[in-house]
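No lab work stands behind these numbers, since they all come straight from the coordinates. Source: prediction; values computed, not measured. Don't worry about glycine lacking a Cβ; one is built from the backbone with ideal geometry, like all the others, and counts go over all protein chains shown.
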Amino acid sequence: MDVRAMAMGLAFAVMWSSAFTSARIIVADAPPLSALAIRFVLSGALAVAIAAAVGQDWRLTRAQARATVVFGVCQNALYLGLNFVAMQTVEAGLAAIVASTMPLLVAFAGAALFGERIRALGIAGLVAGVAGVAVIMGTRLSGGVDLYGLSLCGIGVLALTFATLSVRGASSGGNVLMVVGYQMLIGAAVLAAAALALETWEVRWSWRLIAAFAYTTLIPGLAATFVWFVLVRRIGAVRAATFHFLNPFLGVAIAALILGEALGPLDWLGVAIIAAGILAVQVSKVRR
C-alpha cells in the first residue's frame, strides 16, 4: 500500500467517523429524514455538476447502474436514514460503534453466502469483534439505552453491509464522481418520499445547525464518499476496508470531544477489542 493510499484511507476514516457527531447536532433541531434528503440533493447535484464539468460520461454501464441503485438505496436511504432517526435518542458514539461492525458483518456474509474461507486470524478477529460488542452493549443496556434507536442502528448497519458488497460494481468502469452523485440523488428520492409520509417540517434555526449541515453535506457526504470510491479502485475493497478499524476509536473520540459524550472504561475496552477484531479480519484477507 503506497503513501497516497494510506493518506486517503486515513482521511476517509476521519471524515466518515465525524459524520455521527454532525448528524447528532442536526437531528436535535431538524427532522432527520427531511434534513438528510436535502443534504443528498445538494451533495448529489454538486457531484454530478462537477463530474460533467470535468468530462465524465452521464451514462453508466449496466453493472454500474445496478450497483449504484443498490448503493444509493441501501447506504444513503436505509443506513443513513435509520441512523439519523436513531440519533434523536442514541448517542453519536454508540451509533458509530454499531456502524463500525460493518467489516465484521461483511466477513460473516462472505463466509456464509459465498463460501469464502476465513483464516485462523480472521476467525479470531470475528470472535474479538463479537466480544467487544458484547462488552459495550452490556454496559449500555444496563444503563438504559433506547432499544428502539439501537435497533434502528442495527438494521442500518445490515443495509450498509449489503451496500458494501455492491461497491465493487459501482466503482468499476470510471465515472467515479458521476456515480457518487447518482447514488446520492437516488437516496434523496427515497428519503424525500419517506419524509413526506412520516415527518412535519419543524426546524429550530441556529448557526450550530447551519454549520453542522454544511459540514455533513460537503465533508462526510461528498468528500468521504468520493475518497472511498477512489480508494477502492486504487487498492481494492479488501485493503480499503482495513481502514475501518480506525472508526470505533475516531467515532467515539470525536463525539466525546465535540459533544461531551461520556464514555466509561468498559466502553473504551469494547472499542479497543472491536478495532483489534476488525484489523485482524482485514489483515487475514490481505494476506490471503
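Summary of values
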item: In nm, spacing of pseudo-spin labels at ASP2 and ARG66 (7 Å Cα→C-beta vector); result: 3.2
item: Among ALA214, CYS74, LEU177 - extreme Cα towards positive end, dipole of the chain, charges at beta-carbon; result: LEU177
item: Separation between Cα centres of region 192-252 and region 111-150, rounded to whole Å; result: 23
item: Potential lengthening between LEU141 and LEU113 on full extension [0.36 nm per residue; Cα-Cα distance subtracted]; result: 7.0 nm
item: Least to most buried among GLU116, GLU202 (fewest other Cβ within 10 Å first); result: GLU202, GLU116
item: FRET E, pair LEU269, VAL203, Förster distance 35 Å, beta-carbon r, rounded to 0.05; result: 0.35
item: Of the DSSP H helices in the chain, those whose Cα atoms cover at least 24 Å axially and whose Kyte score averages 1.6 or more; result: 32-53, 120-142, 147-165, 176-198
